[in-house]
Amino acid sequence: ALRSRSGRSIINGNWAIDRPGRYEGGGTMFTYKRPNEISSTAGESFLADGPTNEVLDVYMIHQQPNPGIHYEYIIPGDNVISPQLLAHRRPGEPLNGQLGMPESTNHKDEDLHRETDALTGQSAGNFPVIQPGRFPSHQPENQVPAMPPPRPKREYNWKQTGKTECSATCGKGSQYPVFHCVNRITHEEVSESYCDSSTKPIPEEEACNLFPCPAFWDIGEWSECSKTCGLGMQHRQILCRQMYANRTLTVQQYRCHHLEKPETTSTCQLKICSEWQIRTEWTSCSVPCGVGQRTRDVKCVSNLGDVVDDEECNMKLRPNDIENCDMGPCAKSWFLSEWSDRCSAECGDGVRTRAVVCMTSHVSSLPLEGCGNNRPSETTACSNGPCAGKVDWFAGGWTQCSSECGSGTQQREVICVRKTEGNFDVLNPYECSYLEKPPSQQSCYLKPCGSKWFHTEWSTCSKSCEGGFRVREVRCLSDDMTASTQCDLQLKPEEKEPCNTQDCIPEIDENCKDKYYNCNVVVQARLCVYTYYKTACCSSCTRVANRQSGFLGRR
């Protein structure tokens, strides 16, 4: 499908399939082709001469694996040598990598043609740009133009003797001039071997029969029958089309008014429908008095006696399976509820309400055809006193939900106010403390979030220093907090991470000191295992103990 960025559909829009043809959009005309899906393996294609004046989007829907998109585009290039110009170069004319042209020549830019495969993104082929040079259009005034060498006289030359037959009888065809070798004097046709083949002009295509072909009705295929059995309808698309330049265009229908338009609808019948059967008698009336309903069982039965879908039978001939039944007049009277407890206004004048309904009383013997026009009142006046000086809570509007999906919260401002003559005064909240305060926060739920990751708090680090690790449990849960497998694994939180990577620094106890100057002798004699020496030489013994524990830890 082809659509503009503004949302306007050009081809196959709004889930409708267009017929192949030409469609205007984006400042150009698109040719839409759709080969027969049964006899051809080629895909659909769009073709436009361009240029486009807006961005267009191509959409593709597929049920099989994506076949990919192959696209070609054309961009203008500067001063490209045309292959036709090279073909018309006279024999012996110097080229030397450049093409001489007079200044008055109208240089037309050739187009660079590139093809790209949408699946690989690689260039399928390109044509290099050749920059033609220029020869001066005139000789300088101080130079004498060189005389061209004399050409030998030719006895035979090429002459156009006619044209080929036009390729189309209407709608723009093509034809080519026919050249023969003739005698220059008698103009008699001779064998082509008498002429120089290198000087034979190259036939150039010429347009012919430019008038458009007569318009015709393009008849589409019939749709499926609207009914699986019995009389149904089928439709087909009829378009007025016209051929021009080997292209079929959809035109206004008035151009086909000279032709009888084929029918767009037709009746159809695939098979004979089944028949209706009444299986049960009428039921009792649904009400003991007045107008009610009664029903019976009606089924569509096939020729074999099997119950089938109702669509298999002619719906116009279906017997009624429900009808009204009148059981005679009922006694009716007005039924009233109690008055509401609260007045509609907190202060000032208000109303109290009650329900009033006309109902049937099956047990009553009142000879009433209806409840009559004297309907009891549903409202009565009430008052809770004057509003001046009344204190009450005032609640503002709710804020947006704190979460775009799942459960969130909303807040609103609740203040205590006093109503005065035509104004409100904001009071301290304790002035309204004897009244029930409206909630200032409530839960909200905009839409389900789908599955997402949940995790516990981090555990305690396994070591206090020199690098430990801590862990936590991570689970994928759905909106109803049940286990799910739909979370994105790339967004899964870490379940383990390092911690306390700093070096270990022993704690210094200010009361742990050496009481003797020669405690190193105690350490060397390994007497720190005794309580007396461990206390007398506390600093030295502790230092040695830390050194040994660190050595063991590193091992």
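The values are calculated or read from the model by the stated rules, or taken from the named source; none is laboratory data. Remember, predicted model here, so these are calculated numbers, not experimental data. Counting neighbours? That spans all protein chains shown, and the Cβs are built from the backbone with ideal geometry, glycine included. Side chains included, ligands, DNA and RNA excluded: accessible areas come from the protein's heavy atoms. Shrake-Rupley method; radii C 1.70, N 1.55, O 1.52, S 1.80 Å.
Listing for the model above:
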item	result
Count of the stretch 451-467 residues which are touching a residue at least 40 places away in the same chain (Cβ under 8 Å) and among the small types (G, A, S)	1
Sole residue being open to solvent by 70 Å² or more (accessible area, probe 1.4 Å), among the acidic types (D, E) and modelled with pLDDT of 80 or more, chosen from E473, E421, E431	E473
Odd one out for T248, checked against (1) more than 27 Å from T31 (Cα to Cα); (2) touching a residue at least 40 places away in the same chain (Cβ under 8 Å); (3) among the hydroxyl-bearing types (S, T, Y)	(1)
Test: residue in the stretch 36-51 that is modelled with pLDDT of 75 or more, assigned to a loop (DSSP other than H, G, I, E, B), open to solvent by less than 90 Å² (accessible area, probe 1.4 Å) and not assigned by the TED database to the domain that holds C195	yes
Number of the condition not met by D479 [criteria: (1) open to solvent by 100 Å² or more (accessible area, probe 1.4 Å); (2) closer than 24 Å to K447 by Cα]	(1)
Count - residues of the stretch 1-23 that are over 18 Å from D218 (Cβ atoms) and open to solvent by 30 Å² or more (accessible area, probe 1.4 Å)	9
The one condition in (1) of a type in the set (G, A, S); (2) within 40 Å of the chain's Cα centre (by Cα); (3) assigned to a loop (DSSP other than H, G, I, E, B) that G389 fails to fulfil	(2)
Filter result (touching a residue at least 40 places away in the same chain (Cβ under 8 Å) and open to solvent by less than 90 Å² (accessible area, probe 1.4 Å)) within the stretch 168-194	A168, C170, G171, K172
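This table checks each residue for (1) among the aliphatic types (A, V, I, L, M); (2) open to solvent by less than 50 Å² (accessible area, probe 1.4 Å); (3) assigned to a loop (DSSP other than H, G, I, E, B).
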{"position": "F394", "(1), (2), (3)": "no, no, no"}
{"position": "G397", "(1), (2), (3)": "no, no, yes"}
{"position": "C405", "(1), (2), (3)": "no, yes, yes"}
{"position": "V417", "(1), (2), (3)": "yes, yes, no"}
{"position": "K447", "(1), (2), (3)": "no, no, yes"}
{"position": "F454", "(1), (2), (3)": "no, no, no"}
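Residues are listed down the side, and each one gets a yes or a no for (1) assigned to a strand (DSSP E or B); (2) open to solvent by 90 Å² or more (accessible area, probe 1.4 Å); (3) out of contact with any Leu (no Cβ under 6 Å at 6 or more places or on another chain); (4) farther than 28 Å from E165 by Cβ:
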| site | (1), (2), (3), (4) |
| --- | --- |
| P214 | no, yes, yes, no |
| W222 | no, yes, yes, yes |
| Q234 | yes, no, yes, yes |
| Q242 | yes, no, no, no |
| Y254 | no, yes, yes, yes |
